[in-house]
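> The following block contains the structure, expressed as structure tokens.
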Amino acid sequence: MVTIIGVGDIMPGGVLAGVNEGYVSQEVLEVLRKGDIRVGTLETAIGNSPTFNQEKMSRKGDVIYALDADLIKLKQLGMNVVSLANNHYFDLGAAGAEHAIRLLDEMEIKHVGAGRNLEEASRPAVISVGGRSIAFIAFCECEEERIGWCPVATENMQGVNPLREEYVCEEINRYKGLYDYVVVLPHWGKEGQTMPTDHQYRLAKRMMAAGADLILGSHAHCVQPVFHKKGKAVAFGMGNFLFPDRLIAPPRSTYYSDMPLDYSSLPVTDRYPYVEEVTFKKWRTKARYGCLVECWLDEHGARAKGKMTHLTKDNHLELSKGRYAYQGQLNLASAALRSGCFVQLYAIQALMNKTKRLVKRVKKGFH
């Protein structure tokens, strides 16, 4: 049996820049140590002298990066594989992306989902455990209206491995013929949504039919349900894992000060505004939770079970000690998946959300 521990989005800098101990509880580390393999999404660019991606800056997108020294947290957490297939990996441009890959290679951490061309971006990370081979492949949704702008890899251009349905299923089928297990790491869905989208659900079913044994999703910045079907397992969204609060500078780019700052004197936001001065960007409650997903692969297929994590107000990562604040929403999403009526229930939920937004706009118009 192979044990994999999946975690959500990792950005090792922010207010934890330069902090290399005491930021994670022993209970979290003990869960991580149970895995033969640990895998997550590195949702950030890496660099000390940022040259921001000009295409992204022209669109005034949210730019996220961490300093070189903070990448050591990946080793401290025992990460073996990281997905680079996300909408922030290229935030420091081509040179920044290649710089991050060099650092990961030096640390002997495998990476998937992005590269100098499509051949590199689609290349799997393969690990063997107990005579069994496991191939990890990663994809990123590339529709800007869904996920924000990021470059898409082609034969001669750098970028992310695109989450295009037919292509994804072909890649899964190809690697299933070469390795014992295929684990897919998709960056997909809607931010802040506990229920996966209809598109995620349909695509997950197609990926499993194509040969995916395990799917570990990211991007929503909140926890989505774990789902089992005929010996396959899907964690639609694992939420944030280690993604601290951070400083942002105009227009809304991650910022690191050369001198100590009094955070209490700075303006604070929990949204994504275009700021006019250095601002303290804090995560909302839902985004401070994540899910450590324990996965087991054997001759009977895949099983997965989640443990909730919590990033405290002091940016300390620990196992959640109480009831998850959005457990009711998560239970509803899980029940919809188990019922076999997910598409219908998702449509009802989407209509309810649309109605709530409309009511808010109407009420606002009366004031």
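The values are calculated or read from the model by the stated rules, or taken from the named source; none is laboratory data. Please read all numbers here as calculations on a predicted model, not as lab measurements. Every residue, glycine among them, receives a Cβ derived from its backbone with ideal geometry; neighbour counts consider all protein chains shown. SASA here: full protein model, heavy atoms, side chains in, ligands and nucleic acids out. Shrake-Rupley method; radii C 1.70, N 1.55, O 1.52, S 1.80 Å.
> Please verify whether Ile101 is over 21 Å from Arg246 (Cα atoms), part of a helix (DSSP H, G or I) and not acidic (Asp, Glu), treating the condition exactly as stated.
yes
> Looking at (1) closer than 30 Å to Lys305 by Cβ; (2) open to solvent by 10 Å² or more (accessible area, probe 1.4 Å); (3) not hydroxyl-bearing (Ser, Thr, Tyr), which is the one condition that is false for Asp105?
Just one mismatch for Asp105, condition (1).
> Checking the conditions here, which among Val343, Val293 is β-branched (Val, Ile, Thr), assigned to a helix (DSSP H, G or I), open to solvent by less than 60 Å² (accessible area, probe 1.4 Å) and touching a residue at least 12 places away in the same chain (Cβ under 8 Å)?
When all the criteria are applied, what remains is Val343.
> Pro162 is checked against (1) in contact with a strand residue (DSSP E or B) (Cβ under 8 Å, 6 or more places away or on another chain); (2) within 25 Å of Asn48 (Cα to Cα) and fails just one. What number does that condition carry?
Of everything listed in (1) in contact with a strand residue (DSSP E or B) (Cβ under 8 Å, 6 or more places away or on another chain); (2) within 25 Å of Asn48 (Cα to Cα), Pro162 misses just condition (2).
> Still on this model: Within the set of pairs 6+ apart or on separate chains, which have a first residue in the range 116-137 that is at pLDDT 95 or above, a second that is assigned to a strand (DSSP E or B) and among the basic types (Lys, Arg), and C-beta atoms under 6 Å apart?
Within 6 Å, the pairs are Ala125/Lys110.
> Mind checking which residues of the range 102-128 are within 18 Å of the chain's Cα centre (by Cα) and under 15 Å from Ala45 (Cβ atoms)?
Within the range 102-128, Leu104, His111, Gly113, Ala114, Gly115 qualify.
> Please verify whether Val182 is over 16 Å from the mean Cα position of the chain (by Cα), assigned to a strand (DSSP E or B) and buried (at least 24 other Cβ atoms within 10 Å of the Cβ), treating the condition exactly as stated.
It is true that Val182 is over 16 Å from the mean Cα position of the chain (by Cα), assigned to a strand (DSSP E or B) and buried (at least 24 other Cβ atoms within 10 Å of the Cβ).
> While we're here: So, in the range 249-273, of the ones that are open to solvent by 50 Å² or more (accessible area, probe 1.4 Å) and in a strand (DSSP E or B), which residue ends up nearest to Ala287 (Cα to Cα)?
Filtering the range 249-273 for residues that are open to solvent by 50 Å² or more (accessible area, probe 1.4 Å) and in a strand (DSSP E or B), the one nearest to Ala287 (Cα to Cα) comes out as Val268.
> Okay, next question. How about the range 1-85: which helices (runs of 4 or more DSSP H) wholly inside it have at least 1 residues that are over 23 Å from Glu145 (Cα atoms)?
Filter on the range 1-85 gives 26-33, 72-76.
> Looking only at the range 204-226, count every residue that is closer than 30 Å to Thr285 by Cβ and in contact (Cβ under 8 Å) with a residue 40 or more places away in the chain and tell me the total.
Looking only at that region, the number is 10.
> Scan the range 301-358 for residues that are aromatic (Phe, Trp, Tyr) and modelled with pLDDT under 75 and report the count.
Of the residues in the range 301-358, 1 are aromatic (Phe, Trp, Tyr) and modelled with pLDDT under 75.
> Taking the stated definitions as given, is Thr194 hydroxyl-bearing (Ser, Thr, Tyr), in contact (Cβ under 8 Å) with a residue 12 or more places away in the chain and assigned to a strand (DSSP E or B)?
For Thr194, the condition - hydroxyl-bearing (Ser, Thr, Tyr), in contact (Cβ under 8 Å) with a residue 12 or more places away in the chain and assigned to a strand (DSSP E or B) - is not met.
> For the range 221-246, what are the residues that are open to solvent by 10 Å² or more (accessible area, probe 1.4 Å) and over 19 Å from Leu32 (Cβ atoms)?
Those that are open to solvent by 10 Å² or more (accessible area, probe 1.4 Å) and over 19 Å from Leu32 (Cβ atoms): His221, Phe227, His228, Lys229, Lys230, Gly231, Lys232.
> List the number of the failed condition for Glu55; all other conditions in (1) surrounded by 17 or more Cβ atoms within 10 Å (Cβ to Cβ); (2) touching a residue at least 60 places away in the same chain (Cβ under 8 Å) hold.
Unmet condition: (1).
> Restricting to the range 59-84, give me the number of residues that are open to solvent by 50 Å² or more (accessible area, probe 1.4 Å) and modelled with pLDDT of 85 or more.
4
> Is it true that some residue in the range 146-162 is within 25 Å of Tyr179 (Cβ to Cβ) and part of a helix (DSSP H, G or I)?
No; the residues of the range 146-162 include none that is within 25 Å of Tyr179 (Cβ to Cβ) and part of a helix (DSSP H, G or I).
> Could I ask something else about it? Could you look through the range 305-334, keep only residues that are in contact (Cβ under 8 Å) with a residue 40 or more places away in the chain, out of contact with any helix residue (DSSP H, G or I) (no Cβ under 7 Å at 6 or more places or on another chain) and within 24 Å of Thr3 (Cα to Cα), and pick out the one that is most open to solvent (accessible area, probe 1.4 Å)?
Residue satisfying both the conditions and the ranking: Lys305.
> Quickly run through the range 186-220 and pick out the residues that are hydrophobic (A, V, I, L, M, F, W, C), modelled with pLDDT of 95 or more and either at positive phi or open to solvent by 10 Å² or more (accessible area, probe 1.4 Å) (or both).
Met208, Ala209, Ala210
> Among the residues of the range 303-329, which ones are within 18 Å of the chain's Cα centre (by Cα) and over 15 Å from Leu242 (Cα atoms)?
Ala304, Lys305, Gly306
Rundown of residues vs (1) modelled with pLDDT of 95 or more; (2) crowded, with 18+ Cβ neighbours inside 10 Å; (3) of a type in the set (A, V, I, L, M, F, W, C), yes/no style:
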residue: Ile5; (1), (2), (3): yes, yes, yes
residue: Val19; (1), (2), (3): yes, no, yes
residue: Val24; (1), (2), (3): yes, yes, yes
residue: Glu27; (1), (2), (3): yes, no, no
